Amino acid sequence: MPDAALERFLDGVQGRAVQMATFALSDRDAALDVVQDAMLAWLSRYGNRPSQEWAPLFWRVLQNRIRDRWRRRQVQRRLFSWLGLGNDAGAEAVETLADLSGGADPARQLDDERFRAALHSALRELPLRQQQAFLLRHIEGLDTAATAHALGIREGSVKSHLHRAVQHLQQRLEAYR
């Protein structure tokens with residue numbers, strides 16, 4: 001049974017982890033499965049580590065699980081396409097990053113909903129590494145070294161992926177500046 005600090009940590013990252021996995025997989029149910037699997041794997045392997053090591057290790061485990069599921073889905077899609085069955089019919093469910101409306105008037109809420117939809121669309125368009133680097137760095141708040149560790153790549157690669165992701169997002173969201 002995990003102690004209170006472990007439970008608080010897992011409770012604290014669960015929602016953000018589900019959002020991140022949902023962006024990557026475009027399927028909330030698959031995201032929930034991946035996050036649960038990542039939490040169990042992380043807990044069994046790293047739960048006894050010092051608490052300052054928990055976040056980078058958890059995000060690394062989650063990234064590995066996301067990549068594994070994403071690769072399996074790519075193979076399934078190719079197979080379904082080859083068999084003439086079409087793409088997998090997974091839902092395009094994407095959770096919001098944050099409540100941008102803040103109780104604003106209806107016109108503002110409509111603008112916020114449009115921005116949120118455009119942001120989600122732009123994030124889904126990014127290649128997986130760029131998307132996950134952006135989410136880990138700018139949404140989760142990991143530094144470059146921790147992001148590199150979580151993704152299993154070099155810090156310079158993180159910077160390149162982030163630069164490309166930000167360029168893409170700026171271009172796609174130009175109308176909302």
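Just so it is clear, none of the values below were taken in a lab; they were calculated from the coordinates. A quick note: this is a predicted structure, and the numbers were derived from the prediction, not measured. All Cβ positions, even for glycine, are placed from backbone atoms using ideal geometry, and neighbour counts span all protein chains on display.
The table that follows gives values for the structure above.
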| read-out | value |
| --- | --- |
| Charge sum, other residues only, whose C-beta stays under 13 Å from Phe9's C-beta, Lys/Arg counted +1 and Asp/Glu -1 | -1 |
| Positive dipole terminus of the range 102-177, leading residue within Leu119, Gln167, Ser157 (C-beta point charges) | Ser157 |
| C-alpha center-to-center spacing [the range 112-172, the range 6-25] in angstrom | 16 |
| Likely footprinting exposure, Phe115, Phe134, Phe9, fewest C-beta neighbours within 10 Å first | Phe115, Phe9, Phe134 |
| Packing-based exposure ordering (other Cβ within 10 Å, fewest first) of His138, His120, His163 | His163, His138, His120 |
| Counting all C-alpha pairs of the range 102-177, share separated by more than 16 Å (%) | 53 |
